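Structure first, commentary second.
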Amino acid sequence: MELSKVTLEIFSKLEQQWLSHYEANGKTRILSIDGGGTTATVAGASLIHLEDQIRTHTSDPHAQIADFFDIIAGTGIGAILAAMITADDGFGRPLYTARDAVGLLADRNHELYKLKNAGIFRRRKRFSSKSMDNVLKQVFRRKDGENLLTLKDTCKPLLIPCFDLKSSAPFVFSRADASESPSFDFELWKVCRATSATPNLFKPFHFTSVDGKTSCSAIDGGLVMNNPAAAAVTHVLHNKRDFSSVNSVEDLLVLSIGNGAQAKKVRDVSECSTSSVVDIAIGGVSETVDQMLGNAFCWNRTDYVRIQVSHCSHSLSLSFLSDTVWFPGKSRNEKTKENLAASLLVNSE
């Protein structure tokens, strides 16, 4: 599904408004990218346009997203994007621009998510773990082709969740922990592989830290933190070493980008397959986190902005929970909501 020109213009206007607001207050900035799906169409388009707007506002043609945010979090394919735009090239700059990262994922998507037949009668569809491993190893290696990058090799703090079957609990990878001990430092390709191990599509991913002392048996982080924005906010509030000036959510600016992966409607118990249950859980987690953060920020959609796309039968609509954020002259009433919804609804191919 392609995003239309109108949709991309909406992204541009949103990002211009948010960037202008940032310049006036200098708060700690969090970027969160949802998991869900295999193409990252919405997140990719948002990141490219966001980076373009940063370059316009700073008059710096080489400015990148990592220059603007203080911490970046991601889950699933959102984690792959997050890791790519924060990975250090060896000279203190991001290894990939947003456009390069999105382009690479698009070009090699068929390798990342290569289908293979599984099961006794080879009827069950799974993705090839080996194929994804090979691509990720190539992605998270510097141009000199030597050592694979680890969590410590990032320009900005990075946060990526998975679910550890060994402990039956979420496991959150962070640069902060990796910097303190090699027992919590992991190769970036393994971190992205772990958070992408969706049940029923990939086998659980077993791996260890760089010193071999910490092991994990991971499945998709989306099952517990498909929207990692809340985890990022909590991390910043409690990490006084890296974020000493942050005392409450009033000191934060959060941009949370969804991936447009909404659960399919299940109208009958017979339609409730394993994959549909996973989709429902992942979508529900994202929406719950959005509601929680909306409450935490007192529905101040200037400091907390959520971009998500909902799939209708033949349309693509951007969902913003406040109708007054980008249109401050309008009152909050049902007619404004209807007009805003109409202006954001665009046809998809």
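The values are calculated or read from the model by the stated rules, or taken from the named source; none is laboratory data. Not measured: the values here are computed from a predicted model. All Cβ positions, glycine included, derive from the backbone under ideal geometry; neighbour counts span all protein chains shown. The accessibility values were calculated without ligands, DNA or RNA, using every heavy atom of the protein model including side chains. Shrake-Rupley method; radii C 1.70, N 1.55, O 1.52, S 1.80 Å.
Descriptive notes on the structure:
- Among the residues making up the stretch 135-164, those that are more than 21 Å from the chain's Cα centre (by Cα) and surrounded by fewer than 16 Cβ atoms within 10 Å (Cβ to Cβ) are Lys143, Asp144, Gly145, Glu146, Asn147.
- Checklist (1) open to solvent by 10 Å² or more (accessible area, probe 1.4 Å); (2) in contact with an Asp or Glu (Cβ under 9 Å, 6 or more places away or on another chain); (3) within 16 Å of Gly78 (Cβ to Cβ) applied to Leu188, failing item: (1)
- Those residues of the stretch 161-218 which are in contact with a helix residue (DSSP H, G or I) (Cβ under 6 Å, 6 or more places away or on another chain), at pLDDT 90 or above and part of a loop (DSSP other than H, G, I, E, B), in sequence order: Asp185, Ser209, Val210, Asp211, Lys213, Thr214
- For Ser183, the conditions (1) among the hydroxyl-bearing types (Ser, Thr, Tyr); (2) under 24 Å from Asp242 (Cβ atoms); (3) free of Cβ contacts under 8 Å to residues at least 12 places away in the same chain are fulfilled apart from (3).
Here's the yes/no breakdown for (1) within 18 Å of Asn259 (Cα to Cα); (2) polar (S, T, N, Q); (3) out of contact with any His (no Cβ under 9 Å at 6 or more places or on another chain):
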| residue | (1), (2), (3) |
| --- | --- |
| Glu187 | no, no, yes |
| Ser196 | yes, yes, yes |
| Asn200 | no, yes, yes |
| Phe207 | no, no, yes |
| Gly212 | no, no, yes |
| Ser217 | no, yes, no |
| Asn226 | yes, yes, yes |
| Ala229 | yes, no, yes |
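- Reported count of residues in the stretch 229-259, each being in a strand (DSSP E or B) and out of contact with any Phe, Trp or Tyr (no Cβ under 7 Å at 6 or more places or on another chain), is 3.
- Which numbered condition Tyr113 fails, given (1) open to solvent by less than 50 Å² (accessible area, probe 1.4 Å); (2) modelled with pLDDT of 90 or more; (3) over 27 Å from Asp70 (Cα atoms): (2)
- Search result, residues across the stretch 58-88 that are part of a helix (DSSP H, G or I), under 19 Å from Val254 (Cβ atoms) and open to solvent by 20 Å² or more (accessible area, probe 1.4 Å): Asp67
- Residues within the stretch 193-213 that are small (Gly, Ala, Ser) and within 12 Å of Cys162 (Cβ to Cβ), tallied: 3
- Residues in the stretch 27-41 that are more than 11 Å from Ala230 (Cα to Cα), hydroxyl-bearing (Ser, Thr, Tyr) and either assigned to a strand (DSSP E or B) or open to solvent by less than 20 Å² (accessible area, probe 1.4 Å) (or both): Thr28 alone.
- Check on Ser181, surrounded by fewer than 23 Cβ atoms within 10 Å (Cβ to Cβ), among the hydroxyl-bearing types (Ser, Thr, Tyr) and either in contact with an Asp or Glu (Cβ under 9 Å, 6 or more places away or on another chain) or on the phi < 0 side of the Ramachandran plot (or both): yes
- Verdict on Val236 being surrounded by 17 or more Cβ atoms within 10 Å (Cβ to Cβ), touching a Pro at 6+ places or on another chain (Cβ under 7 Å) and modelled with pLDDT of 95 or more: no
- The one condition in (1) free of Cβ contacts under 8 Å to residues at least 24 places away in the same chain; (2) more than 17 Å from Ala194 (Cα to Cα) that Leu104 fails to fulfil: (1)
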